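Where a number appears in this text, it was derived from the coordinates with a stated rule and is not lab data. Keep in mind that this is a model prediction, so the values were computed, not measured. Cβ atoms come from the backbone with ideal geometry, glycine included; neighbour counts cover every protein chain shown.
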Amino acid sequence: MNIEVLFFGDLRKLTDHRQVVSFKKGAQLTNLIEHLIEEYGHNFRQEINRSEWSRILINGKEHDLLGGMGAPLQDGDVVAFMPLTAGG
């Protein structure tokens, strides 16, 4: 199965803007993150562990509402890593 991954904010500097990752059926969000850490290294791990990176969307929905890090991934899903925004 193929998962499209989009990166925004500082993660764009460390990665490609967009990529497609292939997994076997039954993969979870945590598997995707482990794969990305392996591919992009220590700096990616540090960025993703920062508190500003709590917005991970799967098909436009917050990952926390879909099972958190154990959220199941399906073929064709789009996962976006987005920084929190502030305004007012």
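If I ask for residues that are over 17 Å from Met69 (Cα atoms) and of a type outside the set (A, V, I, L, M), which ones from the range 8-23 would you list? The answer is Phe8, Gly9, Asp10, Arg12, Lys13, Thr15, Asp16, His17, Arg18, Gln19, Ser22. Counting only residues that are closer than 14 Å to Met82 by Cβ and of a type outside the set (S, T, N, Q), the range 8-28 holds 7 of them.
Candidates in the range 8-40 are the residues that are of a type in the set (Gly, Ala, Ser) and in contact (Cβ under 8 Å) with a residue 24 or more places away in the chain; of these, the one that is farthest from Ile58 (Cα to Cα) is Gly9.
If the condition is being in a loop (DSSP other than H, G, I, E, B) and not polar (S, T, N, Q), then the range 15-30 contributes Asp16, His17, Phe23, Lys24, Lys25, Gly26, Ala27. Give Ile48, Ile33, Ile56 a once-over and let me know the one that is surrounded by 16 or more Cβ atoms within 10 Å (Cβ to Cβ), of a type outside the set (Asp, Glu), under 12 Å from the mean Cα position of the chain (by Cα) and in a strand (DSSP E or B). Unique residue meeting the criteria: Ile56.
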